[in-house]
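The block underneath contains the structure these notes are about, expressed in structure tokens.
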Amino acid sequence: MSTSDQDQAVDAAISAPEHTDDRRLTPRQARRLRIVLSSVGMAAMAVVLGLRIASRSSVLVVGVYGLALILCGIVIELSRNGRTRLGSWLLGIGLVAAIGSDWLLIP
């Protein structure tokens, strides 16, 4: 095998296939998706906070939903800085914790 044959074999092995059906999001799309989801979560938490305060005024209600709003803002910032996986985990765990604490703690 000559040197040029070896170079061609290496180039053929390194080159990626041209037609892949990989449906993964690009990093920019992932960041935008997390920002949109966080914004929707923030709007939903604001609406629920307003409804909960109208029905009963409690410092615990304001604390739980206030922390959820802060969490959504943090996730937006993380997504803008490229930390989309961490933002996704925080958003999911935080919103489940807020809903769970509303269900368990707030009378």
- What residue, of Arg83, Arg34, is touching a residue at least 40 places away in the same chain (Cβ under 8 Å), basic (Lys, Arg) and either on the phi > 0 side of the Ramachandran plot or surrounded by 15 or more Cβ atoms within 10 Å (Cβ to Cβ) (or both)? Arg34
- Can you tell me how many residues in the stretch 95-107 are modelled with pLDDT of 80 or more, surrounded by fewer than 19 Cβ atoms within 10 Å (Cβ to Cβ) and not aromatic (Phe, Trp, Tyr)? 6
- Query: Restricting attention to the stretch 59-72, which residues are open to solvent by 40 Å² or more (accessible area, probe 1.4 Å) and over 12 Å from Leu95 (Cα atoms)?
  - Reply: Val59, Leu60, Val62
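The values are calculated or read from the model by the stated rules, or taken from the named source; none is laboratory data. Remember, it's a predicted structure, so these values are computed and weren't measured experimentally. Every residue, glycine among them, receives a Cβ derived from its backbone with ideal geometry; neighbour counts consider all protein chains shown. Ligands, DNA and RNA are excluded from the accessible area calculation, which covers all protein heavy atoms including side chains. Shrake-Rupley method; radii C 1.70, N 1.55, O 1.52, S 1.80 Å.
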